[in-house]
1. Please compute the per residue accessible area over the chain with all protein chains in place, 1.4 Å probe, rounded to a whole number of Å².
2. In debye to the nearest 20, how big a dipole does the chain give about its Cα centre with +1 on each Lys and Arg Cβ and -1 on each Asp and Glu Cβ?
3. Hey, what angle do you get for helix 10-23 against the long axis of the chain, alpha-carbon based, 0 to 90 degrees rounded to 10?
4. At a 1.4 Å probe radius, carbon and sulfur cover how many percent of the accessible area of the chain?
5. Which percent of Cα pairs goes in each bin when the distances of the stretch 204-251 are cut into 10 angstrom slices starting at zero?
6. Which of the cysteines in the chain are isolated, no other cysteine C-beta under 4.7 Å?
7. Of the residues Leu162, Leu78, Leu247, which exhibits the maximal mean-square fluctuation in a Gaussian network model of the chain defined by a 10 Å Cα contact cut-off?
8. Could you point to the residue in Gly325, Ile225, Pro130 farthest towards the positive end of the chain's charge dipole, with +1 and -1 charges on the Cβ of Lys/Arg and Asp/Glu respectively?
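The values are calculated or read from the model by the stated rules, or taken from the named source; none is laboratory data. Bear in mind the structure is a predicted one, so any value in this text is a computation, not a measurement. Here Cβ is always computed from backbone atoms with ideal geometry, including for glycine, and neighbour counts include all displayed protein chains. All accessible areas refer to the heavy atoms of the entire protein, side chains included, with ligands and DNA or RNA removed. Shrake-Rupley method; radii C 1.70, N 1.55, O 1.52, S 1.80 Å.
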Amino acid sequence: MYAVIFGKNPVLSEAEFYSFAKRFSLKVKPMESSRYWLLFGSSPQVERYFYWLGGSLKLVRIVGEGEEALKDLEYAKLFTVSLYGRNDWQFWRKLGSEIKREFKEEGPAKFFKPAKTYSMPAELILKGFPEVKDFVFLFREDRSFLVGETIKVTDPFELKKLDVERPVQKPILSIPPRLARIMVNLTEIRKGSFLDPFCGIGTVVQEFVLQRLDAHGSDRDEEQIKAAKKNLTWLRKEFRLKNSAHLEVCDARKLKHCFRQRFDAIVTEPYLGKPLKGNPSRSEAIKLANELDRFYYPVFESFANVLKRNGRVVFVFPAYKLSGGRIYRKERKWLGKLGFEILGRYLDYEERHRVVRDIHVLRYRG
């Protein structure tokens, strides 16, 4: 029995996890969930593939329930205690002391203090994970809890490297590498040909290459393609990869003129409009969305020309945080008319954002 600890966007993280399980043919049986975690049954294969999850922080192996389960924890000289669903320093200290007592017969042990009452992957890696153990307590609403041990963590240092150490960077315009990984998983396609037709400096294409997919990218700006090629050269050297990507200068509305093949999936974040100086009203947001749809419509017509039947599209449409605090998300019935079925929609944003990512997962019916 396992649990996965979600990242800062639990709804998106949970959607990605189920798509990831289908993508890697993992037999996952959900058992229990909360805002912070999902408890599930699975074969040990989930441990092998956890690395490819973008929106989850930790994979935890469950050892039992309640304080009686402490005796089943494996000894470690240095450990920490992570609480999910309860923020209580006194209880955190109590649990740490009880674990030390359980370990007394096997040897001395110390537990270190995390930033809060949970340890982020970066803290664990810096302390020496996996030799340093992270004992996890998952709390239900009735204050009962499950006990487990973290066995896998995402590597935030590697994700940061993919972003800030590559030769060409555009922090404001580029999609985060973590989100690129999430979007690839949302396709549910394990192998095949993947295209990013708004590739920019190549963040999504980087993820295709890292996962050894048949990688393709295009952008109508020749300078962006040059930048993407520089970044891919760096990626192949840093990660010792033999594969690469095919990149083209191409208008996304004319893809059939640039690519003679059909793709299993398109994963992309297009142009989302000019930066906003303030939060729009509802009428202003509707106008902005309608103006961009006049561009997106021929783009999806172009997608239909290069996608295989039942091919997947993960596409970021803009939504808007309104002046009153609510979010405007447009319904696009024209997608159905073009043969695209919406399988899921997920928001991704931070409080300061005015333009919000409205991630659509679509299937092309052909």
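1. On the way: 18200 Å² over 366 residues.
Heavy-atom accessible area per residue stands at 50 Å².
2. On the way: 68 positive and 47 negative charges, 202 e Å.
Magnitude of the dipole: close to 980 debye.
3. Once rounded, the angle reads 80 degrees.
4. On the way: 8700 of 18200 Å².
Taking all protein chains in place, the chain shows 48 percent carbon and sulfur surface.
5. 29, 55, 15, 0
6. Cys199
7. Checking each option, the largest mean-square fluctuation is seen for Leu78.
8. Going by the charge dipole, the pick is Ile225.
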